[in-house]
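In what follows, a single structure is set out as structure tokens and then discussed.
Read-outs throughout are calculated quantities, based only on the coordinates presented, and are distinct from any laboratory measurement. Note that the structure is a prediction, hence the values are computed from the model and not measured. Note that we place each Cβ from the backbone using ideal geometry, even for glycine, and neighbour counts take in every protein chain shown.
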Amino acid sequence: MTGTFYVVGVGPGDPELMTIKAARILDQSAAWLTPSASKDGISTAFTIASGAVRADGKEILTHHFPMKKIYRGEPADLEVQEAWDDATSWILSHLEQGHDVALPTLGDPAIYCTGFYVAETLLARSPMANIEIIPGISAIGATAAAAKTPLCLGDDELVVIPAVFENSKIREVLSQFNAVVFMKVFKSMDRLVPLLEELGLLDTSVLVERTSMADERVHHDLKALVGKELHYFSTLIVRKN
Ligand SMILES: C[S@@+](CC[C@H](N)C(=O)[O-])C[C@H]1O[C@@H](n2cnc3c(N)ncnc32)[C@H](O)[C@@H]1O
């Protein structure tokens, strides 16, 4: 087997935020496995990648990865595991022919990224497989840039958590750290806003929807978001200082 499997971070949305290396790897890979969270076959990572690199002439498989909770150290949901297995079979068949495969992924691959589960599944089936991870600009940094705020300065400590945790855990994190980034926050604002208000943190919090995309929205008035439907691509920054 001579092909390489690349997990390529393509940034938060604006193709100009892709790295030169990401663009080069995508350009030179014969096949792309583009992840889709919905069954309609739309892959945001593909939209970003193809905004900077010509996709025609490539073999492209848009693969659906169901969005379900994953607890590390516990077996994944059957449907999720099947999606990783099917993706791995497709990737392996290309690598065995000596072709490189790229999996473009939103933001940075090191942060809540399906590409790493696929890489783990690939390594379990083929321990000698060549795998490369190409970092990208995460929605975390891009959200801070859109809101024109730093994430941490001086002796600040930064923590990143999915907003799906129960309130007691979130309260604990907010008391311990002075800069907190909430990801996967789109369904949690009705619950988080009263908590932030109680802790006196509403005025120093900002939520950005669809960071770096054409319809990016920066929300400082978080109370106005209660009862509203937010886009899945929403990130909340809470800072005490
Ligand atoms: C599965 S995680 C992927 C994170 C990604 N690997 C990264 O580094 O940005 C999905 C979450 O990332 C955040 N996100 C991704 N893209 C975003 C964007 N363009 N604007 C705001 N938040 C975004 C949202 O919190 C979303 O629920």
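Once the C-beta distance of Lys169 and Lys39 is scaled by a Förster radius of 41 Å, the resulting FRET efficiency is 0.85 to the nearest 0.05. Calculated mean residue ellipticity, 222 nm, the chain: -9500 deg cm²/dmol, from DSSP H runs (n ≥ 4) at -39500 (n - 2.57) each, averaged per residue and rounded to 500. Averaging over all projection directions, the Cα-based convex hull of the range 109-183 occupies 7.0 nm² in the image plane. Counted residue by residue at 0.36 nm each, then reduced by the alpha carbon distance between them, the extension gain from Ala214 to Arg72 reaches 47.7 nm.
When peptides 57-63, 124-130 are sorted by average Cβ neighbour count within 10 Å, with the highest value leading, the order is 57-63, 124-130. Hydrodynamic estimate: the Kirkwood radius of the chain over Cα pairs, inserted into Stokes-Einstein at 4 °C and 1.567 mPa s, corresponds to D of 68 µm²/s. For His63, nonlocal amide neighbours, meaning residues 5 or more places apart or on other chains whose placed amide H falls under 5 Å from its own, are Thr34, Ser36. For the range 139-239, rounded, prolate or oblate, judged on the Cα gyration tensor with a ≥ b ≥ c (square roots of eigenvalues), a/c < 1.5 rounded, else prolate if a/b > b/c? Because a/c hits 1.5 or more and a/b fails to exceed b/c, the range 139-239 counts as oblate. For Leu123 and Glu229, the FRET efficiency from 1/(1 + (r/R0)^6), where r spans their Cβ atoms and R0 equals 30 Å, is about 0.20. Spin-label pair Glu82-Lys184: with each label point 7 Å from Cα along the Cα-Cβ axis, the two points sit 2.1 nm from one another. Couplings 3J(HN,Hα) for the range 193-200, derived from phi with the Karplus relation 6.51 cos²θ - 1.76 cosθ + 1.60 (θ = phi - 60°), are 4, x, 5, 5, 5, 4, 8, x Hz, where x marks Gly and Pro.
Charge tally for Glu79 (other residues, Cβ to Cβ under 14 Å; Lys, Arg +1; Asp, Glu -1): -1. Couplings 3J(HN,Hα) for the range 32-46, derived from phi with the Karplus relation 6.51 cos²θ - 1.76 cosθ + 1.60 (θ = phi - 60°), are 10, 9, 9, x, 10, 7, 10, 7, 6, x, 8, 10, 5, 4, 5 Hz, where x marks Gly and Pro.
Remark: relative contact order (the range 139-239) = 33 percent; criterion is Cα-Cα distance under 8 angstrom and separation of 6 or more residues. Sequence-distant contacts, meaning Cα pairs under 8 Å at least 6 residues apart, place the relative contact order of the chain at 22 percent. When the Cα positions of Thr114, Cys152, Ala142 are compared along the charge dipole of the range 49-168, Ala142 comes out farthest toward the positive end, with charges on each C-beta of Lys, Arg, Asp and Glu. Here the Karplus curve 6.51 cos²θ - 1.76 cosθ + 1.60, taken at θ = phi - 60°, turns the phi angles of the range 152-164 into couplings of 8, 9, x, 9, 4, 10, 10, 10, 10, 9, x, 6, 6 Hz, with x standing for Gly and Pro. Among bridges DSSP assigns within the chain, what percent are antiparallel (round to 5)? Taking every DSSP beta bridge within the chain, about 35 percent pair in antiparallel fashion. Computed from the Kirkwood radius of its Cα pairs, the Stokes-Einstein diffusion coefficient for the range 4-134 at 25 °C and 0.890 mPa s stands at 168 µm²/s.
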